[in-house]
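Working notes for the structure below.
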Amino acid sequence: MESLKNQMLPVSHKPSRMTTRGLYAALSYMASAVLLVMFNKAALSSYSFPSATVITLLQLVCSCLILYVMRYWKLISFTESELQSSSNNPATIVSLKTLAQTLPLGLTYLLYMIVTMESVRGINVPMYTTLRRTTVAFTMIVEYFLTGQTHSRFVICSVGVIIAGAFIAGARDLAFDAYSYSIVFLANICTAVYLSSIARIGKSSGLNTFGLMWCNGIICGPILLIWSSIRGDLTKTLNFPYFYDHGFQAVMLLSCLLAFLINYFVFLNTTLNSALTQTICGNLKDLFTIGFGWLIFGGLPFDLLNVVGQSLGFLGSILYACCKLKGI
């Protein structure tokens, strides 16, 4: 019985020290994520593009095209032991058995995207940001149940500081809406399960980061295409007045390229470090996004509580980074 438990929980309980490669992966994720938010903001707000779903679909298609071309020219492989003479047929690059193994990851990602888009409808931005930052707590719980991963008291304290800062930042916007709150918490659970599943499914399927990205696109792309078609988003896109505008096309192209980079760094960061590290990086990314968004787009009023809360969140993230760098 004990041996079976050990097989189900392959992750060591001992905290691991962040490697130099892991640090680069975390920093690269945050840099590309901040830039992606800026370009998505430009497309959705400055150009008033009608559908975030179509943007996600285009990003997935672009990601699969880049992966296929890079693999065709033998720049990358989808597994560590992939033969150079393996098929370049998109239908047989990854076997159906392997694709089935990654199905939970793709479906969790889709559910995460749909629930996240729904969660912003009935709740204001400060409270939405506050509740979303509690994802770190959900991630710690999901990591424990899925992989048996535990964390030191220092890590738990740093997460507590982040959550406290989030609630202080949103303290002036405590308008309770049971439905919206439950949707946001559902989004948090989906995020935690998705991130915690990346390393686990990567090991069981034998796929590397690029292979997981390919399977994610192959699974999610057709579903999103059907969903966009049913909702009429594709028709809205074709009738969009700036569809042939060079400025809009440049924004969309850069958004797709950055989405490829961010997906790569999400998988790499989660695999090299942990799901919790990826979540903390997401919190840090939000702080930089707020700063750049205020400088570029403006419209953010000064609020002392918000500043104090954001500062606490930043402090908690730095404390967590120090714990990982020292292997605490």
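The values are calculated or read from the model by the stated rules, or taken from the named source; none is laboratory data. Since the model is a prediction, treat every value here as computed from it, not as a measurement. Ideal geometry is used to build each Cβ from the backbone, glycine not excepted, and the neighbour counts take in all protein chains shown. Heads up: the accessible areas ignore ligands, DNA and RNA and are worked out on the full protein's heavy atoms, side chains in. Shrake-Rupley method; radii C 1.70, N 1.55, O 1.52, S 1.80 Å.
General remarks:
- Accessible area per residue (1.4 Å probe, heavy atoms of protein chains only) ranks 271, 150 as 271, 150, with the largest value leading.
- Placing R0 at 51 angstrom, the Cβ-Cβ distance between residue 226 and residue 19 gives a FRET efficiency of 0.80 after rounding to 0.05.
- Heavy-atom SASA rank of 143, 80 (probe 1.4 Å, accessible area, largest first): 80, 143
- Loop-resident sites, segment 204-280, for chymotrypsin sites (Phe, Trp or Tyr not before Pro), counting at most 16 other Cβ within 10 Å (DSSP): 242, 243, 244
- For the residues 153, 132, 200, 71, a 1.4 Å probe over the protein chains yields an accessible-area ranking, largest first, of 153, 200, 132, 71.
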